[in-house]
1. So if I take the centroid of the Cα atoms in region 194-224 and the same for region 228-281, what is the distance between those two points in Å?
2. For residue 170, project a label point 7 Å along Cα to C-beta. Then give me every residue of region 118-161 with its amide nitrogen under 15 Å of that point.
3. Which angle from 0 to 90°, rounded to the nearest 10, does the C-alpha axis of helix 20-31 make with the longest principal axis of the chain?
4. Restricting to DSSP H runs of at least four residues, report the calculated mean residue ellipticity at 222 nm for the chain, -39500 (n - 2.57) per run over all residues, nearest 500 deg cm²/dmol.
5. Could you check which residue among 170, 181, 98 shows the biggest mean-square fluctuation in a GNM of the chain with a 10 Å Cα cutoff?
6. Starting from 0.36 nm per residue, how many nanometres of slack lie between residue 246 and residue 60 once their C-alpha separation is accounted for?
7. Before anything else, pin down the relative contact order of region 180-280: Cα pairs under 8 Å, at least 6 apart, normalised by residue count, whole percent.
8. Which one, 83, 96, 154, has the greatest fluctuation when you compute a Gaussian network model over the chain with C-alpha springs under 10 angstrom?
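Since every read-out is calculated from the coordinates, none of them should be taken as a lab result. Please read these numbers as outputs of a predicted model, since none were measured by experiment. Please note: Cβ atoms are built from the backbone with ideal geometry, for glycine as well, and neighbour counts cover all protein chains shown.
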Ligand SMILES: *Cc1c(COP(=O)(O)O)cnc(C)c1O
């Protein structure tokens with residue numbers, strides 16, 4: 001939807017490719033006959049880090065620069081808001097939306113599937129600068145893919161997923177009651193901290209996948225000394241009611257996802273198991 005609405009045929013758009021979702025976004029361009037430019041990529045290094053800002057090759061006059069703030073599968077995250085060099089920033093925030101405060105005025109478009117931090121699958125959140133949706137770039141844009149058509153009808157162009165939106169509303173209230181996004185950020189740093197500390201004090205028994213400075217606060221990825229031990233660790237965790245720890249198939253190892261709804265105690269309990277397992281193996 002982003003290129004169909006924002007990218008005219010005569011222009012290009014820059015993409016920062018830092019993982020699978022970022023790459024899918026880039027690949028969609030070719031499918032709709034649009035041209036894009038990979039301004040930076042960490043693919044050659046197996047997506048273990050976020051490319052340094054100084055290495056980005058942004059195009060002068062590009063329609064926008066697209067990036068993914070948190071790489072769900074690899075466990076890397078833009079920990080700071082990058083300098084977009086005056087380009088319109090478009091961000092897939094699916095896996096860290098509402099996990100920390102961000103300056104919305106710095107973005108042209110922010111989009112996020114509800115199901116990681118906001119509520120049940122079905123709803124998608126889009127925040128778009130009004131002027132960017134005034135004149136859609138594509139001449140053959142179906143109404144359902146036109147941001148302005150949707151906004152003009154207050155997101156009720158078709159029947160919206162009411163249940164999903166209702167639960168998102170309850171989650172927003174829950175976040176406000178907890179103390180807002182600043183508090184969420186504090187909690188998330190604490191949660192991820194428990195697990196990263198367990199990695200760091202294991203003398204290399206657990207190997208973190210992400211470069212230390214780009215570690216995600218949402219998805220913590222690591223490996224044990226062998227795939228057999230990875231498997232045994234997952235089993236030990238399941239025996240203590242900690243499930244869903246198997247890494248994504250393209251990465252392997254372990255992935256601990258600690259989204260907003262995950263309690264502090266859960267992260268602490270996992271870190272404890274990591275200490276015990278390291279000692280006993
Ligand atoms: C989960 C995720 C998606 C995909 O969401 P779907 O609703 O399953 O399409 C896209 N981008 C990122 C960064 C994600 O984490």
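1. Their Cα centres are 12 Å away from one another.
2. So the set is 118-121.
3. 30
4. Helix contribution divided over all residues of the chain: -10500 deg cm²/dmol.
5. The residue with the greatest mean-square fluctuation here is 170.
6. Result for the pair: 62.7 nm of gain on full extension.
7. Normalised by residue count, the contact order of region 180-280 is 33 percent.
8. 154
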